[in-house]
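Note sheet for the following structure.
The values are calculated or read from the model by the stated rules, or taken from the named source; none is laboratory data. All values reported here derive from a predicted model rather than from experimental measurement. No Cβ is skipped: glycine too gets one built from the backbone with ideal geometry, and neighbour counts run over all protein chains shown.
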Amino acid sequence: MNTTATDLSPMVWLVAAQFLLYAVGWALSSLLMPERRVAALHWGLFMLFIGLGFVLASQRQDPRTWPAYAGANLLFCAGYVSLRRGLEVFMGQKTHDLEHLLTFAVAVAGFLALGVDASHAAGRVMLAYAFGAWVLARAVATVLPSMRAEFGRRTAWVMTSPGLLLVVMFSYRVAEQLIFPDMPLEMHRQSATNQRFLMGYLFGAAMFNFSFMGLLTSRMVAHLREQTRRDPLTNLLNRRALESTLNAEWQRLQHGGAGFALLALDLDNFKNVNDRHGHPAGDAVLVQTAQRLRAAVRDVDTVARTGGEEFVVLLPRATPESALATAQRLRQGMADAPFDLPGGPLRVTVSVGMAWARPDDTEAQQVMQRADRALYRVKDLGRNGVGVAQG
């Protein structure tokens, strides 16, 4: 094994400074991202613990002290646990706190048992790197499925690649120490191998931070994209999003897929609600209508607000009979239950127009037009009813 005499102190301090600067950066970032503050603070603690661990490791010399050896290793272990828990928080998963505590307790017990004597140096090296490899491997295994579901397979693998690289690097270190048990690979020792490992830490720290920022940016972009698809008052899909979903269903129908139905709904005499009770009451009626519609349909159905008091329900894989039953149920539910408003209960009815998609439709909008015409006929006939498109 190459043991070139190289003074590693400047590089150890450089690695420590890099991690500590990243810790400050994440602490400041947490102030600007209240919705991601807990995850950012965990990642800041990861950087802080690793940085402080390198600070203590830089003080390793004879006589051996507990802070420089056991203290540094325990800070490294705490950093990896913070990294994993932060990823769990960010992905909205249940945190494995009992596992974290038990794993860290094993590390504490191990380092206390091994002490700081030079005769147990190889054991400490294997315990430290095996702990890091285990926690990072568990972190990747825990969050990778959620990342694939949210960001896609390629992005998920890119974002977890720093952790996987460290798992490989740490596992290699454990194997290397097993092969050379009489030559402890403590990071403060002067060797070309340790120099390469410190360079790996510099590279790994940057990769982790790029990955964290990539996760935050990807989620922010996805959130902004979703916001452009949502009605701000009711949080239902807006007209643009509905048209996209409707076109997708129509394309499936053209390729032999199941048919679908469309319900166009309009609150009756809604202008009177605003005029008599005020716009806050009108907004409350719209919000409660959205909640009722969403609760009354299937998970596969799409509910959208397409205008002031206009709503649309898209029913994929529905038969004409089931679609008509749904329309009647929605109308009846609105008529039977008054709205709960600050000024007292208020009864508001709804008119519904139903259209069934036909294979010979040349575009999806034809289904919407037939549903609208059916709705207008109900309005002309006195409202509070269900109309079925002809043809």
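Screening the candidates GLN195, GLN190 for the property of being at pLDDT below 95, in a loop (DSSP other than H, G, I, E, B) and surrounded by fewer than 20 Cβ atoms within 10 Å (Cβ to Cβ) yields one hit, GLN190. Against the test of being small (Gly, Ala, Ser), more than 29 Å from the chain's Cα centre (by Cα) and buried (at least 18 other Cβ atoms within 10 Å of the Cβ), the options ALA128, ALA133 yield a single qualifying residue, ALA128. Across the stretch 141-170, what is the number of residues that are free of Cβ contacts under 8 Å to residues at least 24 places away in the same chain and either part of a helix (DSSP H, G or I) or touching a strand residue (DSSP E or B) at 6+ places or on another chain (Cβ under 6 Å) (or both)? Number of matching residues: 10. Only a single item in (1) under 19 Å from the mean Cα position of the chain (by Cα); (2) surrounded by fewer than 19 Cβ atoms within 10 Å (Cβ to Cβ) is not met by LEU87, and it is number (2). Looking across the stretch 193-240, the residues that are of a type in the set (D, E, K, R) and free of Cβ contacts under 8 Å to residues at least 40 places away in the same chain come down to ARG196, ARG225, GLU226, ARG229, ARG230, ARG240.
Tallying residues that are surrounded by 17 or more Cβ atoms within 10 Å (Cβ to Cβ) and touching a Leu at 6+ places or on another chain (Cβ under 9 Å) within the stretch 293-326 yields 16. I'd like to check something: does the stretch 331-350 contain any residue that is at pLDDT 90 or above, out of contact with any Ser or Thr (no Cβ under 8 Å at 6 or more places or on another chain), closer than 28 Å to GLU249 by Cα and of a type in the set (A, V, I, L, M, F, W, C)? Checked the stretch 331-350: no residue is at pLDDT 90 or above, out of contact with any Ser or Thr (no Cβ under 8 Å at 6 or more places or on another chain), closer than 28 Å to GLU249 by Cα and of a type in the set (A, V, I, L, M, F, W, C).
Results for (1) in contact with a Phe, Trp or Tyr (Cβ under 9 Å, 6 or more places away or on another chain); (2) of a type outside the set (Phe, Trp, Tyr); (3) assigned by TED's automatic domain parsing to the domain that holds ASP97, shown as yes or no for each residue.
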{"residue": "GLY132", "(1), (2), (3)": "yes, yes, yes"}
{"residue": "VAL143", "(1), (2), (3)": "yes, yes, yes"}
{"residue": "GLY152", "(1), (2), (3)": "no, yes, yes"}
{"residue": "LEU166", "(1), (2), (3)": "yes, yes, yes"}
{"residue": "ASP182", "(1), (2), (3)": "no, yes, yes"}
{"residue": "PHE197", "(1), (2), (3)": "no, no, yes"}
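Within the set ARG64, ARG60, ARG37, ARG84, the sole residue that is farther than 20 Å from SER9 by Cα, touching a residue at least 24 places away in the same chain (Cβ under 8 Å) and of a type in the set (D, E, K, R) turns out to be ARG84.
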